[in-house]
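First the structure, in the form of structure tokens, and then the observations on it.
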Amino acid sequence: TLEKINKSELSISRTLILVPASLVRQWLSEINTWCYFKTIQFPDLNDVDEEIEFTRQVLTNSAEILIMSYDLFKRKYDTVLDTGETEKAMNAGEITLLTLLNEHFGLVIMDEVHCLRNPNSALTKAIKLLEIKHKVGLTGTIFQNNYQELHTLLDIMNPGCVEEYKQFKRVYVAPIIK
């Protein structure tokens, strides 16, 4: 019944929209044309102090939608992923944006989500750092005859919903290709 549903689960406080760089302006334009949300674009910041200040602004000015390019998101976390020192980086304040997103955003919309098909790409690994509960992926081509691509996208959208790829291949792929 509705009485048992936690009201905080029904409301999604903020939305992150991740898109290819070429679509950032289009998304901003469409939202400003058709919606009444306070929308901001994540700027290309190179300084941790600038990022902390931007994070403060996002939290204090009631921004409802944050739009960011995949490339900028990946570049932000390249160093963290390359070194494998996520905890060290977090302690140094390098992942203040990720903390902001995971703690204050309830929905992530990923346009052209098929660009995350490669499980070994830096972008896919960076996206997997997002622990935002609700995810929506938009694409016209979910995979191209490579079932590992499908497995990767399913794992991004709902972590843990599918087994490791070997089991996924045995349980789902084998019956399909027979």
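The values are calculated or read from the model by the stated rules, or taken from the named source; none is laboratory data. Keep in mind the model is a prediction, meaning the values are calculated, not measured. Heads up, the Cβs are rebuilt from the backbone with ideal geometry, glycines too, and the neighbour counts pull from every protein chain shown. These area figures cover heavy atoms from the full protein model, side chains too; ligands, DNA and RNA do not enter into them. Shrake-Rupley method; radii C 1.70, N 1.55, O 1.52, S 1.80 Å.
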Pairs Lys38/Lys128; Lys76/Lys125; Lys38/Lys135: which exceed 22 Å Cα-Cα? Lys38/Lys128
For the range 24-38, what does the Karplus curve 6.51 cos²θ - 1.76 cosθ + 1.60, with θ = phi - 60°, yield as ³J(HN,Hα) per residue in whole Hz, taken in order and with x for Gly and Pro? 4, 5, 4, 4, 4, 4, 5, 5, 5, 6, 10, 10, 10, 10, 7
Can you tell me the order of 114-122, 146-154, 131-139 when each peptide is scored by its average per-residue count of other Cβ atoms within 10 angstrom, highest first? 146-154, 114-122, 131-139
³J(HN,Hα), Karplus 6.51/-1.76/1.60, whole Hz, each residue of the range 111-117, x for Gly, Pro: 7, 6, 4, 4, 6, 9, 5
Counting sequence-distant residues (5 or more places) and residues on other chains, those with an amide H built under 5 Å from that of Phe105 are none
Could you order Asp44, Asp49 so the one with the most accessible surface comes first? Probe is 1.4 Å. Asp49, Asp44
Please give the FRET efficiency for Asn145 paired with Ala21, using the beta carbon to beta carbon distance and R0 = 25 Å, rounded to the nearest 0.05. 0.35
Long-range amide H partners of Phe143 with built H, under 5 Å: none
Read phi for every residue in the range 172-178 and hand back ³J(HN,Hα) as whole Hz from Karplus 6.51 cos²θ - 1.76 cosθ + 1.60, θ = phi - 60°, with x for Gly and Pro. 10, 6, 3, x, 6, 8, 5
